[in-house]
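Working notes for the structure below.
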Amino acid sequence: MTKKKQIILVRIMILAGILLIWQGAASKTGTMPSPVLVINGLAGMILDGSLLKHTVASLFRVTCGFYLAFSTAIPLGILLGRWPAGEKTINGLVQFLRPISPLAWIPLAITWFGIGEPPAIFLIFIASFFPLLLPVIKAVQQIRPIYFQIAANLNFNLKDKLRYIIIPAILPEIVTAIRVALGVSWLVVVAAEMIAVKTGLGYLIIEARNTLRLDLVIAAMIVIGLIGLALDHLVLRIERIRLLEWKISAK
C-alpha cells in the first residue's frame with residue numbers, strides 16, 4: 001500500500017470514528033441531532049435552494065471585503081516598506097489597532113453603515129487588512145539594498161522596480177498572508193452575519209437556532225468548515241504553482 005493510500009485510509013478511519021462517537025452521543029443525550037438528521041437537513045436545504053443562497057451571500061461579502069483589504073494593504077505595505085520614516089510614524093497606530101478583534105468593531109460598523117451588506121464588508125476589510133499589511137512591510141524591508149542600487153544604475157523607474165525587484169521578492173509572503181487573511185475573514189463573516197445581515201451562513205445558524213433546528217445548525221457548521229478548507233486548499237495550490245515556477249526558472 002502506497003503512502004498516499006495509507007493517508008486516505010487513516011482519514012476514512014478517523015471520519016468513521018467521529019461519526020460513531022457522534023451517533024453515540026446523539027443516542028445517549030437525546031438533545032444532539034444524529035448524523036442522519038443532519039444529512040437530511042442538509043439535503044433539504046440543498047433541494048430548496050436556501051443553502052446556495054446563504055453560501056453565495058457569505059462568499060460575496062468575503063470577496064468584497066478581502067478585495068478592498070488587498071487593494072489597499074499591499075500598496076500601502078510596499079510604500080511603508082520603502083519609506084522608513086513613514087513606517088515609523090504610523091507603526092504605533094498600526095500596533096494599537098491590530099490587536100483589536102474585528103468583532104469589537106460590530107457596534108461601530110452598524111452605527112456607521114446601518115444594517116445590511118456595508119457593515120459586514122467593513123468587518124471583513126478590518127479582519128483582512130492587518131494580516132496583509134504587516135507581512136508586506138516586513139518583506140519589503142528585507143529586500144537587499146544592493147538590488148535597488150543596481151536598479152538605480154540601470155535607471156529603473158518605479159514600475160520597473162515593482163516588476164523586477166519588489167513583487168518577485170515579496171510574493172512568497174503575500175501568498176502566505178493571503179492564506180492567513182482568508183481564514184480570518186471567513187471566521188469574521190460568519191460572526192458578522194449573526195448580527196448585521198439577513199442572509200449568509202451565519203444568519204442561517206441563528207435562524208435555525210431560533211426555530212430549534214439544531215440539525216440545520218450543525219449542517220451549516222459543516223458547510224462553513226468545508227468552504228474554509230476549500231479556500232485554504234485553493235491558496236495552497238497557488239503557492240505550489242508559484243514554487244514550481246521558481247524552481248524551474250532557477251535551473
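Some observations on this one:
- Hey, residue 135 closer than 29 Å to residue 236 by Cβ and either among the aromatic types (Phe, Trp, Tyr) or crowded, with 21+ Cβ neighbours inside 10 Å (or both) or not: yes
- Per this entry, residue 96 is not counted among residues that are surrounded by 14 or more Cβ atoms within 10 Å (Cβ to Cβ) and among the hydrophobic types (A, V, I, L, M, F, W, C).
- Residue within segment 215-231 that is farther than 22 Å from residue 41 by Cβ, at pLDDT 85 or above and out of contact with any strand residue (DSSP E or B) (no Cβ under 9 Å at 6 or more places or on another chain) present: yes
- Residue in segment 83-92 that is of a type in the set (A, V, I, L, M) and more than 20 Å from the chain's Cα centre (by Cα) present: yes
- The one condition in (1) touching a Leu at 6+ places or on another chain (Cβ under 9 Å); (2) modelled with pLDDT of 90 or more; (3) not hydrophobic (A, V, I, L, M, F, W, C) that residue 172 fails to fulfil: (2)
- Selection status of residue 127, surrounded by fewer than 19 Cβ atoms within 10 Å (Cβ to Cβ) and under 22 Å from the mean Cα position of the chain (by Cα): no
- Checking residue 52 against (1) touching a helix residue (DSSP H, G or I) at 6+ places or on another chain (Cβ under 7 Å); (2) closer than 30 Å to residue 124 by Cβ, the condition it does not meet: (1)
- Condition met for residue 74 (in contact (Cβ under 8 Å) with a residue 24 or more places away in the chain, out of contact with any Leu (no Cβ under 6 Å at 6 or more places or on another chain), surrounded by 10 or more Cβ atoms within 10 Å (Cβ to Cβ) and not aromatic (Phe, Trp, Tyr)): yes
The values are calculated or read from the model by the stated rules, or taken from the named source; none is laboratory data. Here the structure is a predicted model, which is why all the values come from computation and not from measurement. As a convention, Cβ positions derive from the backbone with ideal geometry for all residues, glycine included, and neighbour counts pool all protein chains shown.
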